[in-house]
Amino acid sequence: MLTFSLRGGIHPAYHKELASEHPIEPFPLPKRLEIPLSQHLGLPAAAVVSRGDEVSAGNVIAEAPKLISAHVHTPAAGKVRSVVQKPLPGGRMCDYVQVDVDEEATEAHEWRARSVDLAEVDAQWLARTSREAGIVGMGGATFPTDVKLSPPPTAKLDVFILNGAECEPYLTCDHRMMVEHTHEILQGIELAHTAFGFSRVIIGIEENKPDALEAFRRESARFPDMPLEVAPLETRYPQGAEKVLIESTTKRVVPAGKLPFEVGVVAANVQTMYALQQAAYLGKPLIERIVTVSGAGIATPKNLRVPVGTPVADLAEFCGGFSERTTKVVMGGPMTGIALPSLDYSVTKGSGGLLFLTQQDYPDESPCIKCGSCVDVCPMRLMPLKLAAFAKAGKFEEAKATNLADCFECGCCAWACPANIKILSWIKYAKNYVRVKGI
Ligand code: SF4
Ligand code: SF4
């Protein structure tokens, strides 16, 4: 059988067995939600509630001020305690709405099923539904989905790709969704296909998830009007990076600085399409997501259905607590995620993982031996050792001239480095410096 492959990339230890067989469990509503108003790419949403306001599950608590932004809703009924400023993972400050959750509220809030007349579904309907529900890309990019689904009139979209690669080690939340909610995900894709009339609908899943591949092959028969292709992807990181996935499945190359619509493609994450289905068929906004809690440092790895705004400390406790061996807590995957300086953060729409890692995951670094491994594995054909060296030396102009902006921060170079040099951290530092200083 044909398998789709990519240039460069690595084979890290996946550690997915820690959580992949754990079915999704609902996480009980916490006593207090701390909901950040910047859970997406673009401008933060602006609070429309204040201290003392009563809210119901699904109410808008912050509105998107401009196009590149997203509404934020409360996952549970309760009373607004306060609107406070706190850091996001990564350090940027942001407004949070704190909601004291009603004691009677449960995570099993009833959303009323409604039918969708596919004859009425077009691009405007799709964008409006996504925007009202506050849907963003849930693979980590958090780009507002209504913007992704509103290409310029000149764009001719003919290919849809479901990004089910989930190539980062440890993470299994998309895997569980694909096995447990195949039909709903296909219903979400059907809405997009109805609006755009794609000539190809590619379901891209890495070969290390045979049960998910089988589930989509089986369920595809119930959607005979879609040109579905279930595409097994070679298990190699970063197969799920959007531009990499587009090239490996369609042979189309998205030029540097351009977006997928410019080569006629829409690619979307598994949970994003599920969220679209929930918005369309239940009127349910994006108020929860599946999070993989895993790593050698946590007692019981799990895949949890978690309301956004849930404190990460509550997740750790629910999973039996973390051991003394834990040296690093990461929000997201180990390759692209963000290390947390404390547990005083919340789950957001983009949080696919909460990892409790130990010293063996992050050994000490030594000097560069010029082996070239980082160059060999870079899917963007960059010179990671040079970029890191320029960043260390404060030579940001030179880093920029060495195609710094083309790095999409997959972390392959750092993983491949036998000297354990934190290449990606240096690259991120240089990119931030270039952006802030306007170089
Ligand atoms: S330089 Fe950037 S794109 Fe290339 S391997 Fe490193 S992180 Fe990935
Ligand atoms: S992989 Fe590490 S040691 Fe090898 S050239 Fe790159 S930075 Fe240097």
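If Leu29 satisfies every condition in (1) farther than 30 Å from Pro418 by Cα; (2) free of Cβ contacts under 8 Å to residues at least 12 places away in the same chain; (3) not basic (Lys, Arg) but one, which is the exception?
Of (1) farther than 30 Å from Pro418 by Cα; (2) free of Cβ contacts under 8 Å to residues at least 12 places away in the same chain; (3) not basic (Lys, Arg), only one is false for Leu29: (2).
Only residues that are more than 9 Å from ligand 1 (Cβ to nearest atom) and either in contact with a Pro (Cβ under 7 Å, 6 or more places away or on another chain) or of a type outside the set (Asp, Glu) (or both): list them for the stretch 388-402, please. Walk me through how you get there before you give the answer.
Of all residues in the stretch 388-402, those more than 9 Å from ligand 1 (Cβ to nearest atom) come to 389-402.
Result: Ala389, Phe390, Ala391, Lys392, Ala393, Gly394, Lys395, Phe396, Ala399, Lys400, Ala401, Thr402.
Restricting attention to the stretch 396-412, and to residues there that are free of Cβ contacts under 8 Å to residues at least 40 places away in the same chain and within 15 Å of ligand 2 (Cβ to nearest atom), which single residue is farthest from Lys243 (Cα to Cα)?
Restricting to residues being free of Cβ contacts under 8 Å to residues at least 40 places away in the same chain and within 15 Å of ligand 2 (Cβ to nearest atom), the top hit is Ala399.
On the basis of being part of a loop (DSSP other than H, G, I, E, B) and under 22 Å from the mean Cα position of the chain (by Cα), does Leu286 make the cut? Full working, then the answer.
Values: part of a loop (DSSP other than H, G, I, E, B): yes; under 22 Å from the mean Cα position of the chain (by Cα): yes.
Spelling it out, Leu286 is indeed part of a loop (DSSP other than H, G, I, E, B) and under 22 Å from the mean Cα position of the chain (by Cα).
Look at Ala430 and say whether it is under 30 Å from Leu18 (Cα atoms) and within 15 Å of ligand 2 (Cβ to nearest atom).
no
All but one of (1) within 16 Å of ligand 1 (Cβ to nearest atom); (2) within 28 Å of Val293 (Cα to Cα); (3) free of Cβ contacts under 8 Å to residues at least 40 places away in the same chain hold for Glu365, so report the exception by its number.
Condition not satisfied by Glu365: (3).
With out of contact with any Pro (no Cβ under 6 Å at 6 or more places or on another chain), open to solvent by 20 Å² or more (accessible area, probe 1.4 Å) and modelled with pLDDT under 95 as the only criterion, which of Leu259, Leu228 stands out? First the steps, then the outcome.
Numbers: Leu228 fails: modelled with pLDDT under 95.
Sole residue among the options that is out of contact with any Pro (no Cβ under 6 Å at 6 or more places or on another chain), open to solvent by 20 Å² or more (accessible area, probe 1.4 Å) and modelled with pLDDT under 95: Leu259.
Could you check Leu6 against (1) open to solvent by less than 30 Å² (accessible area, probe 1.4 Å); (2) modelled with pLDDT under 95; (3) touching a Phe, Trp or Tyr at 6+ places or on another chain (Cβ under 8 Å); (4) farther than 27 Å from Ala296 by Cα and say which number it fails?
Result: Leu6 fails condition (3) only.
When you scan the stretch 421-438, how many residues do you find that are in a loop (DSSP other than H, G, I, E, B) and either small (Gly, Ala, Ser) or open to solvent by 50 Å² or more (accessible area, probe 1.4 Å) (or both)? Write out each step before concluding.
Of the residues in the stretch 421-438, the ones in a loop (DSSP other than H, G, I, E, B) are 421-422, 438.
Next cut, either small (Gly, Ala, Ser) or open to solvent by 50 Å² or more (accessible area, probe 1.4 Å) (or both) only: 422, 438.
Qualifying residue count, the stretch 421-438: 2.
The conditions are (1) within 30 Å of Glu207 (Cα to Cα); (2) more than 18 Å from the chain's Cα centre (by Cα); (3) of a type outside the set (Asp, Glu), and Lys16 fails exactly one of them. Which is it?
Against the list (1) within 30 Å of Glu207 (Cα to Cα); (2) more than 18 Å from the chain's Cα centre (by Cα); (3) of a type outside the set (Asp, Glu), Lys16 comes up short only on (2).
For the stretch 403-437: of the residues being among the aromatic types (Phe, Trp, Tyr) and out of contact with any strand residue (DSSP E or B) (no Cβ under 8 Å at 6 or more places or on another chain), which is nearest to ligand 1 (Cβ to nearest atom)?
Quick first cut of the stretch 403-437, residues among the aromatic types (Phe, Trp, Tyr) only: 408, 415, 426, 429, 433.
Next, from what is left, pick out any that are out of contact with any strand residue (DSSP E or B) (no Cβ under 8 Å at 6 or more places or on another chain): 408, 426, 429, 433.
Details: Phe408: 5, Trp426: 10, Tyr429: 13, Tyr433: 16 Å.
Only one residue tops the list, namely Phe408.
Residue check, Lys16 against (1) at pLDDT 95 or above; (2) open to solvent by 60 Å² or more (accessible area, probe 1.4 Å), all met but one. Which one?
For Lys16, the exception is condition (2).
In the stretch 393-407, what residues are crowded, with 17+ Cβ neighbours inside 10 Å and not in a helix (DSSP H, G or I)?
Restricting attention to the stretch 393-407, the residues satisfying the condition of being crowded, with 17+ Cβ neighbours inside 10 Å are 396, 399-400, 402, 404, 407.
Matches in the stretch 393-407: Thr402, Cys407.
Would you confirm, using the coordinates I've provided, whether Thr326 is more than 14 Å from ligand 1 (Cβ to nearest atom), farther than 20 Å from Leu33 by Cα, open to solvent by less than 20 Å² (accessible area, probe 1.4 Å) and not hydrophobic (A, V, I, L, M, F, W, C)?
On the way: more than 14 Å from ligand 1 (Cβ to nearest atom): yes; farther than 20 Å from Leu33 by Cα: yes; open to solvent by less than 20 Å² (accessible area, probe 1.4 Å): no; not hydrophobic (A, V, I, L, M, F, W, C): yes.
No: the conditions fail for Thr326.
Need at least 2 residues that are over 21 Å from the mean Cα position of the chain (by Cα) per element, so show me which helices (runs of 4 or more DSSP H) inside the stretch 136-229 make the cut, counting only ones lying wholly within it.
Working: elements: 145-148, 173-180, 182-196, 210-220.
So the answer is 182-196, 210-220.
The values are calculated or read from the model by the stated rules, or taken from the named source; none is laboratory data. Just so you know, these numbers come straight off a predicted model, no measurement behind them. Glycine also receives a Cβ, built like all others from the backbone with ideal geometry; neighbour counts cover every protein chain displayed. Areas reflect the complete protein model, heavy atoms only, side chains present, ligands, DNA and RNA absent. Shrake-Rupley method; radii C 1.70, N 1.55, O 1.52, S 1.80 Å.
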